[in-house]
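K.L.:
Okay, handing you the structure first.
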2 protein chains.
Amino acid sequence: MFDDLLDANRRYSREFHDSGVAGIAAKGLAVLTCIDSRIDPLALLGLRAGDAKIIRNAGARVTEDALRSVVLAVNLLGVTRVCVVQHTECAMVGTTDAQLRARMKAERGVDAAGWKFLTSTDQLATLRADIEAIRACPLLPADLTIGGFVFDVHSGELVELESLATMRADETS
Amino acid sequence: MFDDLLDANRRYSREFHDSGVAGIAAKGLAVLTCIDSRIDPLALLGLRAGDAKIIRNAGARVTEDALRSVVLAVNLLGVTRVCVVQHTECAMVGTTDAQLRARMKAERGVDAAGWKFLTSTDQLATLRADIEAIRACPLLPADLTIGGFVFDVHSGELVELESLATMRADETS
C-alpha cells in the first residue's frame, strides 16, 4: 500500500547527501505550525533542513504535546526562539467543536462525542492565548523569544500577530 | 527578534505563486514524523506541497494530540493513508524520561519532575504500539491504511517496520 512512496524514497536516497548536521537546530529555532499541506515551514522562513525544529498539529495549537516538544527543543536541542505560525483558511478556525462533530456524524457516520478538536472562532485571541501558554511554562526560560504569526496561504506572506491586531482594530474603528 | 525571518519571508512571498490547492491532501496522505531538523518529510517521500498533511512532534509519537490531527485529517480532509515515520539517532530513543529529567536539571537547572517525555528504549516496539493505537481509535475507519517506518538520517532511506523487525531478528539469531 506504500509502494509508490517507497519507490520515491529509493530515488531520494540515491541522491541523498548526508550533510552531517546533527539533531541540534542550527538557527536555534522551533516552529509550531499547522498540518495544512499548503504550508512549507522551512521555505516560507527562508530556512534549510537542519536550521529548525518543526512541530505540527491541527491548528498549530499549544497543546500539552506541543509544549512537550518545545520543552525538549529548548532544554536539550539548542532552541532559543519559538515561532507559532497559524494560517488563513484553517479548517480549525471559524468553526466550533460541535460543528465539526456534527459534520463527522453527517459525512462519515462517526460519533466524536467527547472529543476536543481545539477549534477557534477568534484566531488572534487564540494565538495570543497560546503564546501566553508557552510563556507561562515553568520549564522554559524567561528570556525565550516567542513570536506569533499568521501565514497567508494565498499571498505567501507571514504577518505578525500584533500587526494583524492593529489592522483588525483599524478595520473595525 | 524575528526580522531575519520576516525579511526572508518577504523574498519568499514576492516569488510566491498561489497554486490554488485547497486544504485537502491531494495524495490522501498524512505523515506523522519527528520534529528533527534533518527530516524533510515531503522530499523523502517524493511529494510536493499540497500532497499530504504533516504532523510532527518529538519522537513522532501517537499522542492524544497527534490522534486529534489524524482524526481530523481522515474524517474531514481526505486522508486515507497514514505513515508514522520515526528516525535513526532520535534524541527520544535509547534514553529514559528519568535520564532526560536529570540532564535538564544538570544542564539547565530545570525541574521537570512529573513531565512525561515519551522516550523509548525499544524503537520498534514503540512504533508497533503506536500504530496499534491508531488502529484502535474508534473514530478511524477499519480500512485505513497505516504504515510504520524508520528514516535513516545518514542514508536518506526509509525502511518499513516489518523489514526492520526481520533484520533485527536475523542479527540476533
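K.L.:
So if R0 is 56 Å, what FRET efficiency would A:Asp18 and A:Asp111 give, r being the distance between their Cβ atoms, rounded to the nearest 0.05?
P.N.:
0.75
K.L.:
Each residue of segment B:108-121 in order: what ³J(HN,Hα) in whole Hz does its phi give by Karplus 6.51 cos²θ - 1.76 cosθ + 1.60, θ = phi - 60°, with x for Gly and Pro?
P.N.:
Along segment B:108-121, the couplings run 10, x, 9, 9, 9, 3, x, 7, 9, 9, 6, 5, 9, 9 Hz.
K.L.:
What span do the alpha-carbon atoms of segment B:21-172 cover on each of the three principal axes, reported in whole Å from largest to smallest?
P.N.:
47, 38, 29
K.L.:
Using only protein heavy atoms and a 1.4 angstrom probe, determine the accessible area buried between A and B, summed over both sides, in Å² to the nearest 100.
P.N.:
So the buried area, both faces added, is about 6600 Å².
K.L.:
Moving to a separate point now. Over segment B:21-172, average the accessible area per residue using a 1.4 Å probe and give it in Å², no decimals. Walk me through the intermediate numbers first.
P.N.:
Working: 6040 Å² over 152 residues.
Heavy-atom accessible area per residue stands at 40 Å².
K.L.:
Quick check: from the Cα gyration tensor, does segment B:1-69 come out rounded (a/c under 1.5), prolate or oblate?
P.N.:
Oblate, because a/c is 1.5 or more while a/b does not exceed b/c.
K.L.:
I would also like to ask the following. In percent, what relative contact order does chain B have, based on Cα pairs under 8 Å that are 6 or more apart in sequence?
P.N.:
Result for chain B is 21 percent.
K.L.:
Around B:His87, which amide H atoms from residues at least 5 apart in sequence, or from another chain, sit under 5 Å from its own amide H, with H modelled in the peptide plane?
P.N.:
The answer is B:Phe151.
K.L.:
How much length is gained if the chain between A:Thr80 and A:Ala26 is pulled fully straight, taking 0.36 nm per residue apart and subtracting their Cα-Cα distance, in nm to one decimal? It would help to have the intermediate numbers written out before the result.
P.N.:
Working: separation 54, 0.36 × 54 = 19.44 nm, distance 1.07 nm.
Length difference between fully extended and current span is 18.4 nm.
K.L.:
Taking θ = phi - 60°, what integer Hz values does the Karplus form 6.51 cos²θ - 1.76 cosθ + 1.60 yield along segment A:141-146, in sequence order, with x for Gly and Pro?
P.N.:
3J(HN,Hα) across segment A:141-146, in whole Hz: x, 5, 9, 5, 7, 10.
K.L.:
Once you order the gyration tensor axes a ≥ b ≥ c over the Cα atoms, which shape class does the protein assembly as shown get: rounded for a/c under 1.5, otherwise prolate or oblate by comparing a/b with b/c? Don't jump to the answer; show the numbers that get you there.
P.N.:
On the way: a/c = 1.37, a/b = 1.18, b/c = 1.17.
Since a/c stays below 1.5, the shape of the protein assembly as shown is classed as rounded.
K.L.:
What are the ³J(HN,Hα) values, in whole Hz, obtained from phi via the Karplus relation 6.51 cos²θ - 1.76 cosθ + 1.60 with θ = phi - 60°, for each residue of segment A:88-97 in sequence order, with x given for Gly and Pro?
P.N.:
Going residue by residue, I get 6, 6, 6, 5, 8, 10, x, 9, 10, 4 Hz, with x marking Gly and Pro.
K.L.:
Between A:His154 and B:Ala98, what is the label-point separation in nm under the 7 Å Cα-to-beta-carbon projection?
P.N.:
Spacing of the two 7 Å Cα→Cβ label points: 5.7 nm.
K.L.:
What fraction of the DSSP beta bridges in the protein assembly as shown is antiparallel, stated in percent and rounded to the nearest 5?
P.N.:
Numbers: 7 of 43 bridges.
Rounded to the nearest five, the antiparallel share is 15 percent.
K.L.:
Distances in nm, one decimal, shortest first, from A:Glu15 to the same residue in every other copy, taking the label point 7 angstrom along Cα→Cβ.
P.N.:
Label-point separations across copies, in nm and ascending: 1.6.
K.L.:
May I pose another question? Probe radius 1.4 Å, ligands and nucleic acids ignored: give me the carbon and sulfur share of the accessible area of segment A:22-73 as a rounded percent.
P.N.:
In segment A:22-73, the share of accessible area belonging to carbon and sulfur is 51 percent.
K.L.:
Then there is this: What's the FRET efficiency of A:Arg48 with B:Arg168 using the Cβ-Cβ distance as r and R₀ = 35 Å, to the nearest 0.05?
P.N.:
Calculated value: 0.60.
K.L.:
Tally the DSSP beta bridges in segment B:21-172 and give the antiparallel ones as a percent, rounded to 5.
P.N.:
Bridges in segment B:21-172 that DSSP calls antiparallel: roughly 15 percent.
K.L.:
If the reach is capped at under 19 angstrom between alpha carbons, list the lysines near B:Lys53, excluding any in the same chain fewer than eight residues apart.
P.N.:
A:Lys53, B:Lys27
K.L.:
For A:Ala142 and A:Ala125, compute 0.36 nm times the residue count separating them, minus their Cα-Cα distance, and round to one decimal in nm.
P.N.:
Net length gain for the segment: 3.9 nm.
The values are calculated or read from the model by the stated rules, or taken from the named source; none is laboratory data. Small disclaimer: the values here were computed from a predicted structure and weren't measured. Glycine gets a Cβ as well: all are built from the backbone with ideal geometry, and neighbour counts include every protein chain shown. Side chains are part of the model used for accessible areas, which takes the heavy atoms of the whole protein and leaves out ligands, DNA and RNA. Shrake-Rupley method; radii C 1.70, N 1.55, O 1.52, S 1.80 Å.
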